[in-house]
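Asks: Before anything else, here's the structure in question.
The values are calculated or read from the model by the stated rules, or taken from the named source; none is laboratory data. These numbers come from a predicted model, not from an experiment. Please note: Cβ atoms are built from the backbone with ideal geometry, for glycine as well, and neighbour counts cover all protein chains shown. Ligands, DNA and RNA are excluded from the accessible area calculation, which covers all protein heavy atoms including side chains. Shrake-Rupley method; radii C 1.70, N 1.55, O 1.52, S 1.80 Å.
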Amino acid sequence: MGMLSWLRPTGRVSFFHSKDNNLILKKVGKGTEQQTTLTDLCRAVTPKTCSLNPFLFNGHLQTAWTTMQSDDVPVYYKRRMFEADDPMFSGHFAVDFVVNPFDASKNSQLTDQERKYTQPSGLPERTAFFADDELDALPSDDTKPMLVVLHGLSGGSHEIYLRHVISPLIADGEWEACVINSRGCAQTKITSSVLYNARATWDVRQAVKWLRKTFPNRPLFGIGFSLGANILTNYLGEEGEACQLKAAVLCASPWNLEVSSVSLQSSWIGLEVYSKVMGSNMKRLFENHVDEVSKNPRVDIDAVRSTKYLHEFDRALQCAAWGYPTEGAYYRDASSVDSLLAIKIPFFVIQAEDDPIAAVKAVPFQEIGQTPYGVMMMTSWGGHLGWFELGGGRWFVKPVTNFLNVMAKDVDLETPFLVENPMKAPGHVTNHTGNPDVTPKPDFNPMRRKLDLNPTILN
């Protein structure tokens, strides 16, 4: 027993949520009407213990192992390019749709138009463009649940952490999925000087509107990883009650970007390993698109090239491109820690306490306790998008896929969610007049931006 215990050590699993409010969900089924709360649902879909690989016994090892993983989770994609429908954010972005396996070698020759949107090194593995007849056949009125995925910093649809989630969902043919690639990522070329940033919600909004129109009967669900979780949270907050997604998962988000950045800079490994690697990845992305980015007169190409760490890169490129005076101002404006208070759909947050990139100091413990719409599950162990088990599996896949399957198959998504004590929901102040007929009014706008997004910023 002692050896088995050592081989399957367990981490602590904790839940954080509102004490006063409960989001009540109606369960699908005949006969007696059943209800559950979001809190109970999230607890039920999460394994009681978090048993991980004992050889990866801390957050640094768990995080480092993400770079050592072999490509053992094949997911195939067909790509559709979108032209921005808002002239303020002109340019193109790619959405990769999960499809049945195909012979990628037959799709290796790109047309002139496809090369216009693709890096010279070609498309990621197991990815091809839709043929015209395939695009024409895309619209469907089926009712399959569809997952909309946002990847992490400088990543893309090829990232293995998101394929670990997609693969079991599509295995039985009951789910559809697509990945919204941030501009310039996943071997795409940008066609304007606009890259993405940590609050780049415009392409997500356009893609979701298109999905809603193209697949009118599919319930849409969202998941974001790392920076993609920060972007997705901001999108959900901006959409509020008009959100077209039914539920969402936010995995390993950095939340308070300024706190996360300061935390990275406060240790040698944070600065010289994580911040340096992420800065190098972004510089590599920048060099892939330097011809287009250099058309922005605000950007000093030499200043960007001289950066070493992620915060220096953000200072040189993101601040210059978007008009922020400092990287701190950019981080504060793009952070999603307040945005979660504006979300009006059920969401499940998954974090690891020992995550060296999405620092625990940046996690919104107080805020999650002020909304009935979200539940946060935190493990004491797991690193950044790691959670590796003995044998190579990823523990976090279980609560994520369980949550999505239960929300899609066992919850009545057509019935409005019932919130107990709605007057205690965020955005309202207590009625101090003593008059019960006076309706409290919103007092706090969690989505108020400091950056005035107007065309002059981008010219």
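Asks: Going through region 360-378 one residue at a time, which ones are open to solvent by 10 Å² or more (accessible area, probe 1.4 Å) and assigned to a loop (DSSP other than H, G, I, E, B)?
Replies: Answer for region 360-378, where residues must be open to solvent by 10 Å² or more (accessible area, probe 1.4 Å) and assigned to a loop (DSSP other than H, G, I, E, B): Val363, Gly369, Gln370, Tyr373.
Asks: Do you know which residues across region 33-49 are at pLDDT 95 or above, more than 14 Å from Phe347 (Cβ to Cβ) and in contact with a strand residue (DSSP E or B) (Cβ under 7 Å, 6 or more places away or on another chain)?
Replies: Arg43, Thr46
Asks: Output the number of residues of region 244-263 satisfying the condition of being more than 20 Å from His151 (Cβ to Cβ) and among the hydrophobic types (A, V, I, L, M, F, W, C).
Replies: Final tally of qualifying residues: 2.
Asks: Something else now. Restricting to region 118-152, what's the tally of residues that are in contact with a Leu (Cβ under 9 Å, 6 or more places away or on another chain), part of a loop (DSSP other than H, G, I, E, B) and over 25 Å from Thr63 (Cα atoms)?
Replies: Within region 118-152, residues that are in contact with a Leu (Cβ under 9 Å, 6 or more places away or on another chain), part of a loop (DSSP other than H, G, I, E, B) and over 25 Å from Thr63 (Cα atoms) number 4.
Asks: Among the numbered criteria (1) closer than 27 Å to Pro356 by Cα; (2) part of a helix (DSSP H, G or I), which single criterion is violated by Lys308?
Replies: Every condition holds for Lys308 apart from (2).
Asks: Follow-up question, since we're still on this one. Has region 401-411 got at least one residue that is modelled with pLDDT under 80, open to solvent by 70 Å² or more (accessible area, probe 1.4 Å) and either in contact with a Phe, Trp or Tyr (Cβ under 6 Å, 6 or more places away or on another chain) or not in a loop (DSSP other than H, G, I, E, B) (or both)?
Replies: Scanning region 401-411, I find no residue that is modelled with pLDDT under 80, open to solvent by 70 Å² or more (accessible area, probe 1.4 Å) and either in contact with a Phe, Trp or Tyr (Cβ under 6 Å, 6 or more places away or on another chain) or not in a loop (DSSP other than H, G, I, E, B) (or both), so the answer is no.
Asks: Looking at Asn197, is it part of a loop (DSSP other than H, G, I, E, B) and either closer than 23 Å to His92 by Cα or not assigned by the TED database to the domain that holds Ala321 (or both)?
Replies: Yes, satisfied.
Asks: Here is a follow-up. Hey, can you tell me all the residues within region 387-400 that are closer than 28 Å to Phe417 by Cβ and either assigned to a loop (DSSP other than H, G, I, E, B) or open to solvent by 10 Å² or more (accessible area, probe 1.4 Å) (or both)?
Replies: Phe396, Val397, Lys398 - these are the residues of region 387-400 that are closer than 28 Å to Phe417 by Cβ and either assigned to a loop (DSSP other than H, G, I, E, B) or open to solvent by 10 Å² or more (accessible area, probe 1.4 Å) (or both).
Asks: Would you point out the residue of region 70-108, among those that are open to solvent by 40 Å² or more (accessible area, probe 1.4 Å), among the hydroxyl-bearing types (Ser, Thr, Tyr) and within 24 Å of Val397 (Cα to Cα), that is farthest from the chain's Cα centre (by Cα)?
Replies: Ser70
Asks: With assigned to a strand (DSSP E or B) and over 30 Å from Asn296 (Cβ atoms) as the only criterion, which of Phe82, Phe93, Phe55, Phe97 stands out?
Replies: Of the residues listed, the single one that is assigned to a strand (DSSP E or B) and over 30 Å from Asn296 (Cβ atoms) is Phe97.
Asks: Starting from region 224-241, take each residue that is in the same structural domain as Ala252 (by the TED database) and among the hydroxyl-bearing types (Ser, Thr, Tyr) and list its partners that are open to solvent by 10 Å² or more (accessible area, probe 1.4 Å) and part of a helix (DSSP H, G or I), counting only C-beta distances under 7 angstrom and pairs at least six apart or across chains.
Replies: Tyr235/Arg205
Asks: Output the residues belonging to region 240-286 that are open to solvent by 20 Å² or more (accessible area, probe 1.4 Å), farther than 23 Å from Val406 by Cβ and outside any helix (DSSP H, G or I).
Replies: Asn256, Ser266, Ser267
Asks: Of all residues being without any contact (Cβ under 8 Å) to a residue 24 or more places away in the chain and part of a helix (DSSP H, G or I) in region 315-350, which is most open to solvent (accessible area, probe 1.4 Å)? Just the residue, please.
Replies: Arg315
Asks: With Gly237, Gly224, Gly184, Gly155 as the choices, which residue is in a helix (DSSP H, G or I) and small (Gly, Ala, Ser)?
Replies: Result of the check over Gly237, Gly224, Gly184, Gly155: Gly237.
Asks: Collect the residues in region 58-69 that are under 22 Å from the mean Cα position of the chain (by Cα) and either hydrophobic (A, V, I, L, M, F, W, C) or in a strand (DSSP E or B) (or both), keeping them in residue-number order.
Replies: Ala64, Trp65
Asks: Can you confirm whether Val249 is in contact (Cβ under 8 Å) with a residue 12 or more places away in the chain and closer than 30 Å to Pro219 by Cβ?
Replies: In short, yes.
Asks: Hey, another quick one. Any chance region 379-386 includes a residue that's modelled with pLDDT of 95 or more and surrounded by fewer than 22 Cβ atoms within 10 Å (Cβ to Cβ)?
Replies: Taking every residue of region 379-386 in turn, at least one turns out to be modelled with pLDDT of 95 or more and surrounded by fewer than 22 Cβ atoms within 10 Å (Cβ to Cβ).
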